[in-house]
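Take a look at the structure below.
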Amino acid sequence: MSKLRSLAGASYEKLLIAVGVLIVLLPISPLNMVQPLRDSGVFLYAGWRMLHGDVPYLDVWDHKPPMIFLINALGLLLGGGSIWGVWLVELILLFFTALIGFSLIKRYLGPLPAIFALSVWLLSLAFVINGGNLTTEYTLIIQFTALWLAVEAEEKGYFFWRGYLIGVLAAAAFLTKQNAIGIPLAILLYLTISR
């Protein structure tokens, strides 16, 4: 009975997170935004060109790191050339980002602070994503996953493969947006000081 209650609670939390993420991303969905904004349009164009065999920085140029073009190419591939695929990638990544953040806060502070933090975070994100499909959005999952790995490693008492993955995530964050490596650097600084 307790296991069933736990499963129902976890399902309720995931549904709450999914609804919150959907509310944030619905205004920037292709239903409501027929034309992408400038930066998003550049990323979509570069992704589309990659799907047609072009090479970033050689055949199509922008000053952003390469990961954003790969993400857009993947989204366009999943959507059959439609921007719905890119929006779906945003939705999935933001859901897992919110899930990780919610789980970490709930673990240490309880469910009510986690719900409050999730609500405030998602509401503030709605004003930041500015049309969607931005590098900042895609680095969130990387940063939150690095935090989760650091917390898990700290609780278990060893970093080994988790430390390696945090390094890989730091590289992925850098290749998505250069100044997004703050969380992995903070983890490194914490480890240096605490050890």
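The values are calculated or read from the model by the stated rules, or taken from the named source; none is laboratory data. Just so it is clear, the model here is predicted, and its values are computed rather than measured. Cβ placement follows ideal geometry from the backbone for every residue including glycine, while neighbour counts extend to all protein chains displayed. Please note that ligands, DNA and RNA were not included when accessible areas were found on the heavy atoms of the full protein model with its side chains. Shrake-Rupley method; radii C 1.70, N 1.55, O 1.52, S 1.80 Å.
Select from the stretch 44-71 the residues that are open to solvent by 40 Å² or more (accessible area, probe 1.4 Å), in a loop (DSSP other than H, G, I, E, B) and touching a residue at least 12 places away in the same chain (Cβ under 8 Å) and list them in ascending order. Steps first, please.
Filtering the stretch 44-71 for residues open to solvent by 40 Å² or more (accessible area, probe 1.4 Å) gives 45, 48-55, 57-59, 61, 63-64, 66-67, 70.
Checking the rest, the ones that are also in a loop (DSSP other than H, G, I, E, B) come to 52-55, 57-59, 61, 63-64, 66.
Result: 64, 66.
I'd like to know if the stretch 80-87 contains one or more residues that are under 21 Å from residue 145 (Cα atoms) and outside any helix (DSSP H, G or I).
No, the stretch 80-87 contains no residue that is under 21 Å from residue 145 (Cα atoms) and outside any helix (DSSP H, G or I).
Can you tell me which residue in the stretch 15-43 is farthest from residue 125 (Cα to Cα), limited to those that are at pLDDT 90 or above, in a loop (DSSP other than H, G, I, E, B) and open to solvent by less than 50 Å² (accessible area, probe 1.4 Å)?
Once the filter is applied, the top-ranked residue is 30.
Per-residue answers, yes or no, for (1) closer than 23 Å to residue 37 by Cβ; (2) modelled with pLDDT of 90 or more; (3) surrounded by fewer than 19 Cβ atoms within 10 Å (Cβ to Cβ); (4) among the polar types (S, T, N, Q):
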position	(1), (2), (3), (4)
80	yes, yes, yes, no
84	yes, yes, yes, no
88	yes, yes, yes, no
118	no, yes, no, no
127	yes, no, yes, no
165	no, yes, yes, no
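Run residue 110 past the list (1) open to solvent by 50 Å² or more (accessible area, probe 1.4 Å); (2) over 24 Å from residue 180 (Cβ atoms) and report the number of the one that doesn't hold.
(1)
Scan the stretch 27-74 residue by residue and report those that are out of contact with any helix residue (DSSP H, G or I) (no Cβ under 6 Å at 6 or more places or on another chain) and β-branched (Val, Ile, Thr).
Answer for the stretch 27-74, where residues must be out of contact with any helix residue (DSSP H, G or I) (no Cβ under 6 Å at 6 or more places or on another chain) and β-branched (Val, Ile, Thr): 28, 34, 42, 55.
Can you tell me which residue within the stretch 149-163, out of those that are of a type in the set (Phe, Trp, Tyr) and surrounded by fewer than 17 Cβ atoms within 10 Å (Cβ to Cβ), is farthest from residue 133 (Cα to Cα)?
Out of the qualifying residues, it is 158.
Take the stretch 167-185 and flag every residue that is open to solvent by less than 70 Å² (accessible area, probe 1.4 Å), closer than 22 Å to residue 92 by Cα and either touching a Gly at 6+ places or on another chain (Cβ under 8 Å) or touching a residue at least 12 places away in the same chain (Cβ under 8 Å) (or both).
169, 170, 172, 173, 176, 177, 180, 183, listed by residue number.
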